[in-house]
Amino acid sequence: MSINRRQFIGISGAAVAAAALAPELRLIDLARARSPEEAATSLQRWGMLIDISKCSDCDACVTACHEENGVTGHNRPATDPQWIRKVTLKDNQTGYVQTLPVMCQHCEEPPCVDVCPTGASFRRADGIVLVDKHICIGCRYCMMACPYKARSFVHEDTSNQKTYAPRGKGTVESCTLCVH
């Protein structure tokens with residue numbers, strides 16, 4: 001059986017289209033939300049990508065995160081909880097300034113989990129690092145162990161509680177990748 005040039009191009013185009021669409025269909029299946037009863041598995045690992053080349057000097061991501069999770073402060077940056085914060089970096093040689101958001105990196109081997117004496121800090125099978133607020137004793141070892149300064153201690157009573165994101169005074173918290 002011989003194939004002419006036109007048929008070859010047609011078959012090649014169909015194969016490329018199928019190869020390009022097949023992974024996307026798989027990703028769509030993975031992105032569908034699980035039911036709350038379904039346990040996290042190691043078959044998928046969650047993460048968040050932020051394109052800092054498109055990041056302006058606004059605080060929209062910080063505001064959105066705080067609104068979604070009921071994180072409120074008392075206008076005291078040193079003690080207010082921060083699940084995500086903006087930092088400014090400056091290259092002293094060129095003078096180039098870049099602001100970027102920093103939050104929990106959900107490490108493969110999280111040091112915050114290793115130092116927690118009660119096991120309140122834990123890593124789920126899907127890679128999300130969380131704090132069980134019922135077990136946390138507020139020792140803040142995990143805050144000291146985090147190389148990204150991504151954990152906050154709740155110093156004051158919380159308000160604006162969300163039922164899906166409970167928070168409590170005297171515990172440590174960080175980004176949950178909106179696990180709710």
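The values are calculated or read from the model by the stated rules, or taken from the named source; none is laboratory data. Since the structure is predicted, the reported quantities are computational estimates derived from the model, not experimental observations. Virtual Cβ from ideal backbone geometry, glycine too; neighbours counted across all protein chains shown.
Miscellaneous remarks
- Pairs where the first residue, in region 63-92, is hydroxyl-bearing (S, T, Y) and the second is assigned to a loop (DSSP other than H, G, I, E, B), C-beta under 6 Å, 6+ apart: T72/S159; T72/N160; T79/H155
- Filter result for C178 (within 27 Å of K54 (Cα to Cα), assigned to a loop (DSSP other than H, G, I, E, B) and outside the structural domain of G70 (by TED's automatic domain parsing)): yes
- Qualifying residue in region 140-163 (condition: surrounded by fewer than 16 Cβ atoms within 10 Å (Cβ to Cβ), hydrophobic (A, V, I, L, M, F, W, C) and closer than 16 Å to G70 by Cβ): no
- Any chance D59 is over 25 Å from D126 (Cβ atoms), acidic (D, E) and modelled with pLDDT of 75 or more: yes
Each row is one residue, and each column tells you yes or no for (1) surrounded by 13 or more Cβ atoms within 10 Å (Cβ to Cβ); (2) assigned to a loop (DSSP other than H, G, I, E, B).
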residue	(1), (2)
H66	yes, no
T72	yes, yes
D80	yes, yes
R85	yes, no
L89	no, no
G95	no, yes
Q98	yes, no
Q105	yes, yes
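- The residues of region 52-62 that are outside any loop (DSSP other than H, G, I, E, B) and over 20 Å from V172 (Cα atoms), listed by number, are I52, S53, K54, A60, C61.
- Filter result (closer than 25 Å to C107 by Cβ and either out of contact with any strand residue (DSSP E or B) (no Cβ under 8 Å at 6 or more places or on another chain) or not assigned by TED's automatic domain parsing to the domain that holds M103 (or both)) within region 56-65: A64
- Verdict on D51 being acidic (D, E) and surrounded by 11 or more Cβ atoms within 10 Å (Cβ to Cβ): no
- Of the residues making up region 140-174, just one is assigned to a loop (DSSP other than H, G, I, E, B), under 21 Å from P101 (Cβ atoms) and either of a type in the set (S, T, N, Q) or not assigned by TED's automatic domain parsing to the domain that holds C65 (or both), namely S174.
- When Y164, Y141 are screened for being in contact with a His (Cβ under 7 Å, 6 or more places away or on another chain) and more than 22 Å from K86 (Cβ to Cβ), only Y164 passes.
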